[in-house]
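**Student:** Here it is: the structure, laid out below.
Every number in this text was worked out from the coordinates using simple rules, so none of it is lab data. The model shown is predicted, which means the values in this text are computed figures rather than measured ones. Please note: Cβ atoms are built from the backbone with ideal geometry, for glycine as well, and neighbour counts cover all protein chains shown.
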Amino acid sequence: MDLGVGAIVAGKITGITKFGAFVTIAPGKSGLVHISEIAAAYVSDVRDHLTEGQEVMVKIIGADQSGRMNLSIKAATDKSANEARVRPQQRHAQAAVEPTFEDKLKRFMQDSDSKMSGLKQYSDKKGARRRGR
């Protein structure tokens, strides 16, 4: 069994906490599914979605030097299910509508600069009143 990053494997939930669930994926190998990696929708309580002893499919999304694994139920289920539902014509339409990372970054920088200049003007006016100008 390949337990490298990117592998999708079956696992069993062994513990639930307020921040996620611990899943055993092989004898002696377990990892954490963070609350943000449980479902595509917002998860406020892990117990609403998972129970101890439940069998789940997880994707290994990371591992550190101490052997701890970061797992995702969302990544293991959403991609294959969503790709099967989307027709090829829809993929082209979605690609044309969705902005690239560079476009998103450019927009963020413009918004940030605008907010910072407004904040600077506000603080300059406020400081001038305090100094008695």
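**Student:** Going by average Cβ density within 10 Å per residue, which order do the peptides 9-18, 35-44, 111-120, 67-76 take, highest to lowest? Intermediate results must be reported in sequence, preceding the final value.
**Tutor:** Details: 9-18: 15.2, 35-44: 13.5, 111-120: 10.0, 67-76: 18.8.
For the peptides 9-18, 35-44, 111-120, 67-76, the packing ranking is 67-76, 9-18, 35-44, 111-120.
**Student:** At a Förster distance of 22 Å, what's the computed FRET efficiency of D111 paired with A39, Cβ-Cβ distance as r, to 0.05?
**Tutor:** 0.15
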